[in-house]
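J.: My structure is below; once you've seen it, I'll send some questions.
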Protein chains: 2
Amino acid sequence: MSSGSMASLSSPSHTRLTSIVSHLSDVRPKVVICRHLGPAMPLLLDRKDIDIVLWPEDRGCERAWLLENIKGAAGVLVLLPERVNEELLDAAGPSLRVVSTMSVGYEHIDLPLMAKRKIRVGYTPDVLTEAVADITLMLALMAGRNDGVAYSLVKNGGWAKPNFGWSPFTFCGPQLSTTASSPARTVGFLGFGRIAQATLARLVPFGITHCIYTSSPTSRPDVARDAALQTKYNLKVLERVDADRLARESDVLFVLTPGGKETYHIVDATFLRKMKPMSVLVNTSRGSVVDSDALATALREKWIWGAGLDVVEGEPAITTDHPLVKEPQCVMVPHIGSATFQTRLDMATRAIDNLIGGLFGGEMPAEL
Amino acid sequence: MSSGSMASLSSPSHTRLTSIVSHLSDVRPKVVICRHLGPAMPLLLDRKDIDIVLWPEDRGCERAWLLENIKGAAGVLVLLPERVNEELLDAAGPSLRVVSTMSVGYEHIDLPLMAKRKIRVGYTPDVLTEAVADITLMLALMAGRNDGVAYSLVKNGGWAKPNFGWSPFTFCGPQLSTTASSPARTVGFLGFGRIAQATLARLVPFGITHCIYTSSPTSRPDVARDAALQTKYNLKVLERVDADRLARESDVLFVLTPGGKETYHIVDATFLRKMKPMSVLVNTSRGSVVDSDALATALREKWIWGAGLDVVEGEPAITTDHPLVKEPQCVMVPHIGSATFQTRLDMATRAIDNLIGGLFGGEMPAEL
């Protein structure tokens, strides 16, 4: 272990092993770990074949520390806040073989540069699909049912105040589930990958009848898959449509597409003006897809009913002056879509497996 | 129309009809409507065969107004806050034939007294099942995923503060859905009626594997129904159990049972102490079933993970001093389980249909 590490491998119980592997010590690859990984840490600390440098504090890794400690490293485990760019690669030097990010997103990593320098890149898709689909459904319900305002009212004592007059339409919002007198619902997906499909599965028992989605123009239609999903979920419609129809027809619109230039501000004022006045927008993918100012205007001027966001452009610098924070019909949580003990442990484990695979030239469970 | 009504039936377009039915005016039964019913009002106002007295303000009906105006009425349409007791019946006099409540609950109505005086009673079950099941699932997700705290943090600008350190287990909670590495979930229902079963249906795509429930000791087991549900939802277990097993085995426990003496404080300190430390309690039925002080202790001392409540004993007098309002792990909304435009319109329509049926000796769609 180098200086900067939190734990030691040379405990008494490791004495014999240490002597056996001591001849390897000169070639043990150095790896930098940018955050303590909680219950997943033993998967790293118990290994005798790596030299671990761990950011020692329970907060974001400082850039200066990272640039200093990555010198001569063969691998680095990063998270979304760590920019993996030329500066970092130059600081590491030619020893760097693998970058493993504990995230499904990889916009913080300069992929062309990585390819040029032949550095392998691992990420953690799939394992967070279910957790994000859970919170996606939750935000759709919260935004439709005014639950941000309702929650704040109770926490501020407003339930007990005389002006809390119960009347038949107090706190009413559009209903996600169908009823006998309101038997049709259209859900729309901007992006129709794993998380979108897991969200659709959760929506089926709500009586959803129509599902429409928009995919990247460069992607090929998958007619067989769509037909299979339509049959499986007994939907009247499951159809790939253009963005215009997606905006016009969705009762709930889910943004579940990667970030980056291709999807920047797809949901802008023009898009939002086409949406139904009782519709709800949910974004649990990347803040950059939605124009925050346009969305705030749409909520204020009642172009749409409500919004539920786990991500916002410019996060985490979202202050009380932010136009969406000021909108009562906007429910926001701080990018916690994958924040469950089960999923974060799986993500950490996957990131470690990718790191080890890349270090020793083996298989990486999820390589970009 | 009597004085106190908000709308007039004698608009110009009604002149001919008014003259036709004018000979009936002496026998038109008087009905008192305790709240404006929004878009459902035309169903009452368009009728020529009733004399409507409508509480004229957009807030709870005052008792003194009701006692005064109900004199000689044949029917009354009430909501949960209106106590239908001997005082009210005596004020109405022997003309009263029907009480119609726009609610699924009827603990505000003295049913034995109604039977004694041969007054018919209507209520509005079924039509709110889907709306309440929606919010039940939402509260389970919010309570598990710390979304009360997360929402407040963003709304108060905390996302932007330097001490918001993203680390792998920040804001983590137990995951409702199953994952490959965490493949089992047990949901428990205290009460297994319509809303509980609609909630179970919504939980199936989350990968729920076990469902247990407790019913009133006086109810008969329904083995055939349970076997059919287990097959339909592909569950490893669907079993009626005692309250002890329900508390010990549930990952998420849903309280969905009527209020009243039989269920008073079933969820008390003894019950809560048996629950799993990572479990979540959701109550969307009646506040009286859960001992609020015991639940606050359970949350504070981490006997359980979190709670999501749409109902609280003593509501709406729930101030910031209330022990549950003070608990960060308690998510609360102000009894808005059925608050959607679709469902409240259906409830109002059903309440009007019950009222008219009872007035004229016809069928009431949902009679107690």
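The values are calculated or read from the model by the stated rules, or taken from the named source; none is laboratory data. Being a predicted model, the structure only gives us computed values, none of them experimental. With ideal geometry, Cβ positions are generated from the backbone for all residues, glycine too; neighbour counts draw on all protein chains shown.
J.: Where in the stretch A:188-295 are there strands (runs of 3 or more DSSP E), lying fully within it, with 1 or more residues that are surrounded by fewer than 21 Cβ atoms within 10 Å (Cβ to Cβ) and of a type outside the set (K, R)? Working first, answer last.
T.: On the way: elements: A:210-214, A:237-240, A:252-255, A:280-283.
In the stretch A:188-295, A:210-214, A:237-240 are the strands (runs of 3 or more DSSP E) which contain 1 or more residues that are surrounded by fewer than 21 Cβ atoms within 10 Å (Cβ to Cβ) and of a type outside the set (K, R).
J.: Pick from B:P168, B:P81: which is touching a Cys at 6+ places or on another chain (Cβ under 8 Å), at pLDDT below 90 and either more than 27 Å from A:L153 (Cα to Cα) or surrounded by fewer than 21 Cβ atoms within 10 Å (Cβ to Cβ) (or both)? Steps first, answer last, please.
T.: Working: B:P168 fails: touching a Cys at 6+ places or on another chain (Cβ under 8 Å).
Step by step, each of B:P168, B:P81 is checked, and only B:P81 is touching a Cys at 6+ places or on another chain (Cβ under 8 Å), at pLDDT below 90 and either more than 27 Å from A:L153 (Cα to Cα) or surrounded by fewer than 21 Cβ atoms within 10 Å (Cβ to Cβ) (or both).
J.: Among the residues of the stretch B:172-187, write down those that are assigned to a loop (DSSP other than H, G, I, E, B) and of a type in the set (A, V, I, L, M).
T.: We begin by selecting, within the stretch B:172-187, every residue assigned to a loop (DSSP other than H, G, I, E, B); these are B:172, B:174-178, B:180-181, B:183-185.
Selection gives B:L176, B:A180, B:A184.
J.: Looking only at the stretch A:241-250, decide whether some residue is of a type in the set (K, R) and farther than 30 Å from A:P316 by Cα. It would help to see each step written out before you state the result.
T.: Taking the stretch A:241-250 as the starting set, the residues that turn out to be of a type in the set (K, R) are A:245, A:248.
If we keep only those that are farther than 30 Å from A:P316 by Cα too, we end up with A:245, A:248.
Yes - at least one qualifying residue is present in the stretch A:241-250.
J.: In addition: Which numbered condition in (1) away from chain B (no Cβ under 13 Å); (2) at pLDDT 95 or above; (3) touching a helix residue (DSSP H, G or I) at 6+ places or on another chain (Cβ under 9 Å); (4) more than 23 Å from A:E363 (Cβ to Cβ) is the only one that A:V76 fails?
T.: Of everything listed in (1) away from chain B (no Cβ under 13 Å); (2) at pLDDT 95 or above; (3) touching a helix residue (DSSP H, G or I) at 6+ places or on another chain (Cβ under 9 Å); (4) more than 23 Å from A:E363 (Cβ to Cβ), A:V76 misses just condition (4).
Residue-by-condition table, conditions (1) facing chain B (nearest Cβ under 7 Å); (2) in contact (Cβ under 8 Å) with a residue 40 or more places away in the chain; (3) among the basic types (K, R); (4) under 26 Å from B:G60 (Cβ atoms):
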site	(1), (2), (3), (4)
A:T136	no, yes, no, no
A:A143	no, yes, no, no
A:G148	yes, yes, no, yes
A:Y151	yes, no, no, yes
A:V154	yes, no, no, yes
A:W159	yes, no, no, yes
A:P162	no, no, no, yes
A:P168	yes, no, no, yes
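J.: Which members of the stretch B:333-352 meet the condition of being without any contact (Cβ under 8 Å) to a residue 40 or more places away in the chain and in contact with a Leu (Cβ under 8 Å, 6 or more places away or on another chain)?
T.: Scanning the stretch B:333-352 gives a single hit, B:P334.
J.: Which of the residues spanning the stretch B:109-157 are assigned to a loop (DSSP other than H, G, I, E, B) and under 13 Å from the mean Cα position of the chain (by Cα)? Reasoning before the result, please.
T.: Just the residues of the stretch B:109-157 that are assigned to a loop (DSSP other than H, G, I, E, B), to begin with: B:110, B:117-119, B:123-128, B:145-146, B:156-157.
Once the filter is applied, which keeps residues that are assigned to a loop (DSSP other than H, G, I, E, B) and under 13 Å from the mean Cα position of the chain (by Cα), the stretch B:109-157 yields B:Y123, B:T124, B:P125, B:D126, B:V127, B:L128.
J.: Continuing with the same structure: Would you confirm whether any residue within the stretch B:135-144 is surrounded by 22 or more Cβ atoms within 10 Å (Cβ to Cβ) and of a type in the set (S, T, N, Q)?
T.: Narrowing the stretch B:135-144 to residues surrounded by 22 or more Cβ atoms within 10 Å (Cβ to Cβ): B:135-144.
Subset that is of a type in the set (S, T, N, Q): B:136.
Yes, the stretch B:135-144 contains at least one residue that is surrounded by 22 or more Cβ atoms within 10 Å (Cβ to Cβ) and of a type in the set (S, T, N, Q).
J.: Out of all the residues in the stretch A:310-324, which are touching a helix residue (DSSP H, G or I) at 6+ places or on another chain (Cβ under 7 Å), surrounded by fewer than 23 Cβ atoms within 10 Å (Cβ to Cβ) and facing chain B (nearest Cβ under 8 Å)?
T.: A:E315, A:P316, A:A317, A:T319 - these are the residues of the stretch A:310-324 that are touching a helix residue (DSSP H, G or I) at 6+ places or on another chain (Cβ under 7 Å), surrounded by fewer than 23 Cβ atoms within 10 Å (Cβ to Cβ) and facing chain B (nearest Cβ under 8 Å).
J.: Kindly evaluate B:S181 against the criterion of being within 11 Å of another protein chain (Cβ to nearest Cβ) and modelled with pLDDT under 95. Lay out the reasoning, then the answer.
T.: Working: within 11 Å of another protein chain (Cβ to nearest Cβ): yes; modelled with pLDDT under 95: yes.
Judged against the criteria, B:S181 is a match.
J.: Okay, moving on. Of (1) surrounded by fewer than 16 Cβ atoms within 10 Å (Cβ to Cβ); (2) touching an Asp or Glu at 6+ places or on another chain (Cβ under 9 Å), A:K48 satisfies all except one. Which?
T.: Against the list (1) surrounded by fewer than 16 Cβ atoms within 10 Å (Cβ to Cβ); (2) touching an Asp or Glu at 6+ places or on another chain (Cβ under 9 Å), A:K48 comes up short only on (2).
J.: How many of the residues making up the stretch A:56-73 are modelled with pLDDT under 95 and either of a type outside the set (K, R) or within 19 Å of A:G122 (Cβ to Cβ) (or both)?
T.: Final tally of qualifying residues: 6.
J.: What number of residues within the stretch B:327-358 satisfy the criterion of being farther than 25 Å from A:L141 by Cβ and either charged (D, E, K, R) or at pLDDT below 95 (or both)?
T.: The first filter runs over the stretch B:327-358 and keeps only residues farther than 25 Å from A:L141 by Cβ, leaving B:351-358.
In the following step, the residues that additionally are either charged (D, E, K, R) or at pLDDT below 95 (or both) were identified as B:353.
Matching residues across the stretch B:327-358 total 1.
J.: Here's something else I'd like to know. Could you grab me the full set of residues in the stretch B:325-361 that are over 16 Å from the mean Cα position of the chain (by Cα), surrounded by fewer than 21 Cβ atoms within 10 Å (Cβ to Cβ) and either at the interface with chain A (Cβ under 10 Å from one of its Cβ atoms) or in a loop (DSSP other than H, G, I, E, B) (or both)?
T.: Within the stretch B:325-361, B:V325, B:K326, B:E327, B:P328, B:T349, B:F360, B:G361 meet the criteria.
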